[in-house]
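A short write-up of the structure that comes next.
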Amino acid sequence: MDPNLWDNPKKAEALLRDLKLHKTWVAKYNVIKEKIDEIEVLEEFRQMGEGTEEDVNAKYNLALEHIEDIEFRSTLNQPEDELACTLEINAGAGGTEACDWAEMLYRMYIMYGEKAGYKVRELNRVNGDVAGVKKVEIEFEGDYAYGMLKAENGVHRLVRISPFNAQGKRMTSFASVFVHPSVDDRIEIEVNPADLDWDTFRASGAGGQHVNKTESAVRVRHLPSGIVVECQEERSQHLNREKAIQMLKSRLYQKELERQYAERDKVEAGKMKNEWGSQIRSYVLDDRRVKDHRTKFENRNTDAVLAGDIEGFLKAFLMWDGK
């Protein structure tokens, strides 16, 4: 109701963001309260002989699902959890087989993001020589995107009968996944322009003649940290430079988070560091199982998992990591 609210647009936007998050929590509480009220009414009807125990139990189980969901979401309690994120997939050693596996993961995350209601877009792609991708980066915009997807950091292992092997041999492929929180105007990261080394190149992949004929894609190296970021999503070099700076700030922010975690709790930081670059999950297609090696959570429906049904893995990690 403050008529001067929009005199400071950044402050106003931050306030509306916070308000939206608070409304989400209040709405979840109201849903649970409504379900519990319905249980009480059904139980009164049952006692009067106008309802059944099955009706009460069904409504009880529905309320329990909502309560467990809100308990799970309460584990997303770090400041960075509510941010958007960038997910980077890199094919491991193994040539075409590994590149194909990296693209399978890419499709899995795209389908998960769309089902979860995130705005998903590709930021950068390096295609494989024959099939698949060597490297691809995807941005997820929406509430708690980083909090949900941070579970995916690590090496993902695929075991299958290879379609690229003439003898039909069982092959093992690896791909690494890194998830970075995307900084916004709530988080100030100072980057000295003198510390940046810029390069331009032609974008690869789809995008039309304009994209492929001009050097609109950019690559920036942050000299003090050695971090390198590429962006070829936008049609203009100027917009790609802006996006690359945001991506660089996100990487620097993540490094700072890791440093803070190490100082705050060396035992926990050691556990996370060991698993940051290690094998976290195996997808064994001929045995029809996907198993997370940290939480021991398993899903026997491999087709569903590769079609984006990974929320069970994400929730299991958050409940495990929150202990």
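FYI, it's all coordinate maths here, none of it is from the lab. None of the values given here were measured: they were computed from a predicted structure. Heads up, the Cβs are rebuilt from the backbone with ideal geometry, glycines too, and the neighbour counts pull from every protein chain shown.
Table for the structure above
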item	result
Using a Förster distance of 22 Å, the FRET efficiency for A131-A166 (Cβ separation, nearest 0.05)	0.90
Cut-off of 10 Å, at most 13 other beta carbons, DSSP loop: longest stretch of the chain lacking such GluC sites (Glu not before Pro)	51-187
Tilt relative to the chain, helix 237-264 - C-alpha long axis, 0 to 90 degrees, to 10	60 degrees
Low-density loop cleavage sites - chymotrypsin sites (Phe, Trp or Tyr not before Pro) in region 66-150, where at most 13 other Cβ are within 10 Å (DSSP)	none
Table column - 3J(HN,Hα) (Hz), region 90-106, Karplus curve with 6.51, -1.76, 1.60, x for Gly and Pro	10, 5, x, 5, x, x, 4, 4, 5, 5, 5, 5, 4, 6, 4, 5, 4
Rg followed by Dmax, in Å, when the chain is reduced to its Cα trace	23.1, 79
Other-chain or far-sequence residues with amide H under 5 Å of R289's (modelled H)	V284
Whole-Hz couplings from phi, Karplus 6.51/-1.76/1.60, listed for region 162-174; x for Gly and Pro	6, x, 9, 10, 5, 7, x, 7, 7, 10, 10, 10, 10
Efficiency of FRET between D197 and N8 - r from beta-carbon atoms, R0 35 angstrom, step 0.05	0.50
Placed amide H near L123: partners under 5 Å, 5+ positions off or other chain	E137, I138, E139
